[in-house]
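No value in this document is a laboratory result; all are computed from the given coordinates. Bear in mind that the values here come from a model prediction, so they are computed numbers and not experimental data. As a convention, Cβ positions derive from the backbone with ideal geometry for all residues, glycine included, and neighbour counts pool all protein chains shown.
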Amino acid sequence: MASVFRRLIIGLTALLISGPGFSAAEPEGPISLWKVSSETSSLYLLGSVHVLRPDMYPLPEAMTRAYEAADELVLEVDLSKVGQYEIASIMRAHGYYESTRGVEEDLSPETLTRLKTYLQETGLSYNSVRRFRPWFLSLNLGLLALASEGYDPDSGVDRYFMKRALDDGKPIAELENYREQIRMLADEPLAVQDLALRSYLDSAPDINTQISELLRHWRTGAVDEMYTRAIAEVSEYPPLLGQMERLIDERNRKMAAKIETMLQDNDTELVVVGVLHMGGEQGLVRLLGDHYQIKQLTSSP
């Protein structure tokens, strides 16, 4: 079983990837990269995985060529503009309970029991996480599972290109901002946060299989299949369909509007957005393709 929140750990905050990266021996084929063109301008749209292992590099040549051709890098969030103190302050405000309050006050008995079982199975102390709000707890459990397998946010596709842009002096812009993203997660109804956490806990034993499937879809640019699978899994929990709409589809429409303004200037941008935002009827590929010429690229330019 799965939830959109876990998919967001996979897609928005950490797309969990396992298995080999790209290699020169692989046959050429479509990847999660598109060229979008208006009558006067063009840009590249890249579906990102936010957490990878260092040994999964290099990326396909077409991705690095797109970066080199771009005048500006555009990210969901430019983390180079957010200091550690600001991050800590935002997390204290939105991720932790104040005083002696704990997550048990906002979880159903079923989810709380499942949480304590999971923590015992993984060797974690309940007291070490009880002050985490449900959404923040889900996120941290996912990231801890990642770290135990050697995955690192610093090796994510967006971080990789952000570091290159900083080194190269290439301008960086953002579609959203860090505080906005955190508030979006924290503002989800408590009942939805509870259900998302329970879904994550129930599905944790199958995470390696899920990761391998997501990797395959990302590597081959099969973004519609990825989105369809996410919807099918979320449909097991009807309240989470609303979360999918809020955290994916509504944001897609806002991001598409901002990307459209870039197609009115003379610059070439590389827009790097979580790959789960690409597929489906309300995905960025479809939204932009309704008004502009869009072409999916292959691993070699």
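Among the listed residues SER199, SER155, which satisfies the condition of being under 17 Å from the mean Cα position of the chain (by Cα) and either buried (at least 21 other Cβ atoms within 10 Å of the Cβ) or touching a residue at least 60 places away in the same chain (Cβ under 8 Å) (or both)?
SER155
When each of GLU213, GLU233 is tested for being assigned to a helix (DSSP H, G or I) and more than 30 Å from SER300 (Cβ to Cβ), the lone residue that passes is GLU233.
Here ALA173 meets the list (1) in contact (Cβ under 8 Å) with a residue 24 or more places away in the chain; (2) exposed (fewer than 14 other Cβ atoms within 10 Å of the Cβ); (3) not in a strand (DSSP E or B) almost entirely, failing just condition (3).
Screening the stretch 202-219 for residues that are of a type in the set (S, T, N, Q) and either surrounded by 15 or more Cβ atoms within 10 Å (Cβ to Cβ) or free of Cβ contacts under 8 Å to residues at least 60 places away in the same chain (or both) and picking the one that is farthest from GLY279 (Cα to Cα) gives SER203.
Scanning the stretch 93-109 for residues that are assigned to a loop (DSSP other than H, G, I, E, B) and acidic (Asp, Glu), which turns out surrounded by the fewest Cβ atoms within 10 Å (Cβ to Cβ)?
GLU98
Residues in the stretch 252-295 that are surrounded by 16 or more Cβ atoms within 10 Å (Cβ to Cβ), more than 16 Å from the chain's Cα centre (by Cα) and in a strand (DSSP E or B): 3 in all. Within the stretch 29-51, the set of residues being among the polar types (S, T, N, Q) and either in a strand (DSSP E or B) or under 23 Å from the mean Cα position of the chain (by Cα) (or both) comprises SER32, SER37, SER42, SER48.
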